[in-house]
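One structure is given below, encoded as structure tokens.
The values are calculated or read from the model by the stated rules, or taken from the named source; none is laboratory data. It should be emphasised that the depicted structure is a prediction, and the values quoted were computed from it without experimental measurement. No Cβ is skipped: glycine too gets one built from the backbone with ideal geometry, and neighbour counts run over all protein chains shown. Just so you know, the surface numbers come from the protein's heavy atoms only, side chains and all, with ligands and any DNA or RNA stripped out. Shrake-Rupley method; radii C 1.70, N 1.55, O 1.52, S 1.80 Å.
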Amino acid sequence: RSAVTNNEVLGSANDGGGFFQESAGSIVRLTDVELSDNKAGDEGGGFFSQSDNAHVELTNVIIDGNFAEDTGGGFINVSAHSTVTMNNVQISNNISNTENGGGFRNIGPITGHDVLISGNIAGLEDQTANNDVNRVGGGFFNSGSTAVVDLTRVRIVDNDAHGRGGGCCGPGRQLRQRRDD
């Protein structure tokens, strides 16, 4: 297994602690890779994708223990026109400190199978007293008109959000979760 681990990005453009993708139309294929213990001063502790018409393929990937100061503790896809495929992926123990998507934050279409989203946190402090609802989607936060999530055999367990949606949350057009035995 390959690993991208213990990396940190600082400075004014501080997205993508472990991996950053920004080329329009690009394809990133990660197979048998662990993204762990990476830190972003802004978004995407483990992986940050912002490319229009790009595609990210994750196969046998572990995204674990990453930290983003803002959103997308483990993974973030900020392009409505990019797709993500997840097959046999584990997203666990990631933190988005002040905003959404402890495990991952998504704006575009996602497909795949055999996904475990567990032990992620959106917001480290309970903001109920401040009426702050930005800490949304402990496991994942999904939003946008093209943010259709179509995952088969997905488990979303033991995630926390100090706002709304401990497991998942989002006003996306569709959210489909299938379980095939």
* Structure fact -> In order over segment 100-110: 3J(HN,Hα) from phi, Karplus 6.51/-1.76/1.60, θ = phi - 60°, whole Hz, x for each Gly or Pro, gives 8, x, x, x, 7, 10, 9, 10, x, x, 10
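Quantify, in whole percent, the carbon and sulfur part of the accessible surface of segment 4-81 (1.4 Å probe; protein heavy atoms only).
Answer for segment 4-81 is 42 percent, counting heavy atoms of protein chains only.
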* What residues qualify as long-range amide H neighbours of residue 5, i.e. H under 5 Å apart, gap of 5 or more or another chain, H built at 1.01 Å from N? -> 36
* Phi-based couplings in Hz for segment 53-63 (Karplus 6.51, -1.76, 1.60; Gly and Pro marked x) -> 6, 9, 9, 10, 10, 10, 10, 6, 10, 10, 10
* What does the accessible area per residue of segment 1-153 come to in Å², with a 1.4 Å probe and no ligands, DNA or RNA counted? -> 38 Å²
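Going by the alpha-carbon gyration tensor, a ≥ b ≥ c the square roots of its eigenvalues, is segment 1-157 rounded (a/c under 1.5) or, if a/c is not under 1.5, prolate (a/b greater than b/c) versus oblate?
Since a/c stays below 1.5, the shape of segment 1-157 is classed as rounded.
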* Asked: Sorted by mean Cβ packing within 10 Å, highest first, what order do the peptides 47-54, 149-156, 72-79 take?
  -> 72-79, 47-54, 149-156
